[in-house]
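Right, one structure below, let's go through it.
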Amino acid sequence: MNKTPVWKSIALSLTSDIAEGRYNTGDRLPTEAQLAAQHGVNRHTVRRALSDMAEQGLVRPRRGSGVFVASRPTDYPIGKRVRYHKSISASGKMPGKTILSLTTRAADETEAEALQLTPGDTVHVYDGLSLADGQPIGLFQSVFPADRLPDILTALQDTRSVTKALQCCGVADYTRVSTRLTARAATATQGLHLQLSQGAPVLFSTGINADLNGVPVEYGRTVFAGERVTLTLNND
């Protein structure tokens, strides 16, 4: 099993401090010398950690002044009634979506089970990027039953909102039935989309949304950029 590099551990520790409010946007972080002494490493190791955080958009170095917090990780609640645009707006950031592809194909076994279909049944698939202030925070795939929602891809193209698209297709409301979270390392493709290095920490989420009668209408998979998002469990 590969050990986490020391510089990555320092970056994760500082990111956690920012997420928990120990440092706010605009605050100056301790100096390289102070951080090196705190973690028992040399300044080169600290510099590598700060460089990685700068690449994530979390900190910004100022020549002769130090390293300052540029932004906090985006708070994203996981609960029964999560709505992406509403949640990101509530965190003080501008939500956005980029469509990567809209396709129709046969459901695999996992998708069929989640949507209460038969493997091979037709599904509509929405692949895209979730953005906060223009920065990618999640690479997602949403899968919908084609027979139940024949026009969902057109509605998604027009609205770029799952909630609005479902409403256009007659699903007035829906809730989250289940969520599963797993820590992973980013693949090369995921890193390319999320502007991360291969092997960077990501959170892989799978979830099922159902209409108010309990019938599944969406099966979703999302890879969240681990250092840019703080997932919180919500009992709503």
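The values are calculated or read from the model by the stated rules, or taken from the named source; none is laboratory data. These numbers were taken from a predicted model, which means no experiment stands behind them. In this analysis, Cβ positions are derived from the backbone assuming ideal geometry, glycine residues included, and neighbour counts consider all displayed protein chains. To get the accessible areas, we keep the full protein, side chains included, count just its heavy atoms, and leave off ligands, DNA and RNA. Shrake-Rupley method; radii C 1.70, N 1.55, O 1.52, S 1.80 Å.
In region 1-101, with Lys and Arg counted as +1 and Asp and Glu as -1 at Cβ, which of these residues, 37, 15, 94, has the Cα nearest the positive end of the dipole, that is, farthest along it?
94
For the chain, report the accessible area per residue in Å² (1.4 Å probe, heavy atoms, rounded to an integer).
Ligands and nucleic acids excluded, the result is 52 Å² per residue.
Report in % the part of the accessible area of the chain that belongs to carbon and sulfur, leaving out ligands and nucleic acids; probe 1.4 Å.
On the way: 5840 of 12230 Å².
Taking all protein chains in place, the chain shows 48 percent carbon and sulfur surface.
Is the shape of region 1-126 rounded, prolate or oblate, going by the alpha carbon gyration tensor and its root eigenvalues a ≥ b ≥ c, with a/c under 1.5 for rounded and a/b larger than b/c for prolate?
prolate
State whether the chain is rounded, prolate or oblate according to the following rule on the C-alpha gyration tensor (a ≥ b ≥ c being the square roots of its eigenvalues): a/c under 1.5 gives rounded; otherwise a/b larger than b/c gives prolate, and the remaining case gives oblate.
Because a/c hits 1.5 or more and a/b exceeds b/c, the chain counts as prolate.
Going by amide H atoms built from the backbone, whose H comes under 5 Å of the H on residue 187, apart from near neighbours?
For residue 187, whose amide H was placed from the backbone, the distant partners under 5 Å are 199.
State to the nearest 20 debye the size of the charge dipole of region 131-236 about its Cα centre, where the only charges are +1 on K and R beta carbons and -1 on D and E beta carbons.
320
Nearest 500 deg cm²/dmol is fine: what mean residue ellipticity at 222 nm does the chain get from its DSSP H runs of n ≥ 4 alone, each adding -39,500 (n - 2.57), divided by its residue count?
Here the helix-only value at 222 nm equals -8500 deg cm²/dmol.
Relative to the longest principal axis of the C-alpha atoms of the chain, give the angle of the C-alpha long axis of helix 6-19, reported between 0 and 90° and rounded to the nearest 10°.
Here the helix axis deviates by roughly 70 degrees.
Which of 157, 190, 141 moves the most in a Gaussian network model of the chain with Cα springs under 10 Å?
Result for the chain, Cα springs under 10 Å: 157 fluctuates most.
Using the beta-carbon distance between residue 164 and residue 65 and R0 = 41 Å, what value does 1/(1 + (r/R0)^6) give for FRET efficiency, to the nearest 0.05?
E(calc), rounded to 0.05, equals 0.40.
Treating only the Cβ of Lys, Arg, Asp and Glu as charged (+1, +1, -1, -1), what charge dipole size does region 1-98 show about its Cα centre? Round to the nearest 20 debye.
On the way: 17 positive and 7 negative charges, 73 e Å.
Around 360 debye, computed over region 1-98.
For region 1-76, which trypsin sites (Lys or Arg not before Pro) are both in a DSSP coil and crowded by at most 16 other Cβ atoms within 10 Å? Write down the numbers at each step before the final one.
Values: sites: 3, 8, 22, 28, 43, 47, 48, 62, 63; in loops: 3, 22, 63.
In loop regions of region 1-76 (DSSP not H, G, I, E or B), the sparsely surrounded trypsin sites (Lys or Arg not before Pro) are 3, 22, 63.
Name the shape class, rounded, prolate or oblate, that the alpha-carbon gyration tensor gives for region 158-207, where a ≥ b ≥ c are the square roots of its eigenvalues, rounded holds for a/c under 1.5, and otherwise prolate holds if a/b is larger than b/c and oblate otherwise.
The shape class here is oblate.
Return the whole-Å distance between the Cα centroid of region 149-210 and the Cα centroid of region 56-113.
Comparing the Cα centres of region 149-210 and region 56-113, I get a distance of 10 Å.
For 156, 233, 131, give the ranking by accessible area with the largest first, probe 1.4 Å.
Solvent-accessible surface, decreasing: 233, 131, 156.
Calculate the spin-label point distance for residue 98 paired with residue 4, positioning each point 7 Å from the Cα along the beta-carbon direction, and give it in nanometres.
Computed distance between label sites residue 4 and residue 98 equals 2.7 nm.
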